[in-house]
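Notes follow the structure.
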Amino acid sequence: MIDLHTHTNVSDGTDTPRELVNKALAQGITVLGLTDHDTVGGWDEATSALRPGIDLVLGSEISAQTVDGISVHILGLLFDRHNAELAQILTDTRDNRIGRMERIISKLNSAGYDITMEDVQAQLSQGATLGRPHLADALVAKKIVKSREEAFNELLHNSSPHYVGHYSPTPEVAIEHIKKAGGVAIIAHPFASLRGRTISVESFAPLVAAGLDGIEIEHRDHSTPDRQLCREIVNTYGLIETGSSDYHGTGKLNLLGESTTTSENWEILAARATGGEVVRA
Ligand code: AMP
Ligand code: FE
Ligand code: FE
Ligand code: ZN
């Protein structure tokens with residue numbers, strides 16, 4: 001089973017990279033993509049946790065935003081982590097998330113919610129990419145809401161009055177830099193409308209021109225019509241289709257291997273990458 005999109009506590013998942021590798025092996029995953037948000041911080045631990053039976057595909061899920069303000073997540077796999085421009089994009093995004101979190105918190109405080117930056121930091125492992133899920137966890141810890149889901153639905157969703165964005169590259173820039181760093185670029189859950197506005201079919205042409213390799217079609221946040229539309233786009237542009245769990249540990253219901261990529265499609269993608277090798281024990 002090939003699962004190319006997962007998270008650890010180096011971003012908003014709950015397992016350590018070592019725990020993720022162990023669980024994936026136990027679940028029968030044979031190729032595991034590690035794609036924490038805007039960071040490569042889990043790569044070394046995951047690599048050192050590898051055992052025979054599982055291949056590791058190092059990557060990151062880059063938070064991008066269109067000029068119209070629509071959030072787009074781009075999975076970069078097998079890129080060179082030493083590529084300075086790509087590393088800078090990841091660093092800028094992570095740095096900007098701190099001031100952004102302070103602004104969301106101050107909006108919540110103005111609305112009467114008792115929550116502080118310290119409460120949020122307490123939900124985060126050292127050096128992890130800070131995100132709304134950590135704020136959600138802090139709101140749960142303070143018994144303001146019951147779950148991450150409720151926190152997002154009531155207070156933290158993209159159209160909430162408390163929402164604040166953070167610096168993000170455009171999806172075209174994210175794709176260009178993944179490709180320059182020798183990686184492959186896959187758009188994650190492009191039509192996951194529960195999270196907010198999604199991009200139009202027309203906006204795929206510039207993404208393909210920038211070097212987009214594939215579309216994550218099989219994902220729990222895609223409806224059957226969403227998947228159908230994705231397939232039409234894949235056919236139009238000759239893209240590669242993937243499927244993945246977007247596992248976040250106990251942070252989300254998503255289970256390892258619940259959606260997968262075929263070995264045929266993975267082999268096409270892997271053959272295109274020049275920035276990094278699949279890691280084997
Ligand atoms: P941020 O990057 O800080 O804007 O937070 C976005 C992250 O929050 C996504 O990567 C998801 O992991 C998570 N997320 C977004 N929408 C929801 C939701 N409705 N319920 C739970 N988690 C969500
Ligand atoms: Fe996430
Ligand atoms: Fe995502
Ligand atoms: Zn993800």
Practice item. Please give the helices (runs of 4 or more DSSP H) falling wholly within segment 168-274 in which 3 or more residues are in the same structural domain as ILE29 (by TED's automatic domain parsing) and polar (S, T, N, Q). Key: 224-237
**Study point:** All positions within segment 100-117 that are in contact (Cβ under 8 Å) with a residue 24 or more places away in the chain and either in a helix (DSSP H, G or I) or in the same structural domain as ASP12 (by TED's automatic domain parsing) (or both)
**Key:** ARG100, MET101, ARG103, ILE104, ILE105, LYS107, LEU108
Check your understanding: List the pairs whose first member sits in segment 73-87 and is closer than 9 Å to ALA174 by Cβ and away from ligand 3 (no atom under 16 Å from the Cβ), whose second member is at pLDDT 95 or above and among the hydrophobic types (A, V, I, L, M, F, W, C), and whose Cβ atoms are under 8 Å apart, counting only residues at least 6 apart or on separate chains?
Key -> LEU86/PHE79; LEU86/ILE178; LEU86/ALA181
Practice item. Output the number of the condition that ILE215 fails; it satisfies all remaining conditions of (1) under 19 Å from the mean Cα position of the chain (by Cα); (2) surrounded by fewer than 17 Cβ atoms within 10 Å (Cβ to Cβ). Key: (2)
Exercise for review: Among the numbered conditions (1) surrounded by 17 or more Cβ atoms within 10 Å (Cβ to Cβ); (2) more than 15 Å from ligand 1 (Cβ to nearest atom), tell me where ALA84 comes up short.
Suggested key: (1)
Practice item. State yes or no: is VAL120 in a helix (DSSP H, G or I), more than 27 Å from LEU212 (Cα to Cα) and in contact with a Leu (Cβ under 6 Å, 6 or more places away or on another chain)? Key: yes
Check your understanding: Does at least one position in segment 97-116 carry a residue that is of a type in the set (Ser, Thr, Tyr) and within 16 Å of ligand 3 (Cβ to nearest atom)?
Key -> no
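Going through segment 42-93 one residue at a time, which ones are of a type in the set (Gly, Ala, Ser) and within 16 Å of ligand 2 (Cβ to nearest atom)?
First, pick out the residues of segment 42-93 that are of a type in the set (Gly, Ala, Ser): 42, 46, 48-49, 53, 59-60, 63-64, 69, 71, 76, 84, 87.
Listed by number, the residues that qualify are GLY42, GLY59, SER60, SER63, ALA64, SER71, GLY76.
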Review point. Checking THR129 against (1) at pLDDT 95 or above; (2) more than 16 Å from ligand 3 (Cβ to nearest atom), which test does it fail?
Key: (2)
Check your understanding: Can GLY127 be described as surrounded by fewer than 14 Cβ atoms within 10 Å (Cβ to Cβ), small (Gly, Ala, Ser) and in a loop (DSSP other than H, G, I, E, B)?
Key -> yes
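Conditions tested, residue by residue: (1) under 17 Å from ILE74 (Cα atoms); (2) not polar (S, T, N, Q).
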position	(1), (2)
ASP3	yes, yes
HIS7	yes, yes
ASP12	yes, yes
ALA24	no, yes
ASP38	yes, yes
GLU45	no, yes
SER48	no, no
GLY53	no, yes
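The values are calculated or read from the model by the stated rules, or taken from the named source; none is laboratory data. Keep in mind that this is a model prediction, so the values were computed, not measured. Using ideal geometry, Cβ is built from the backbone for each residue, glycine included, and neighbour counts are taken over all protein chains shown.
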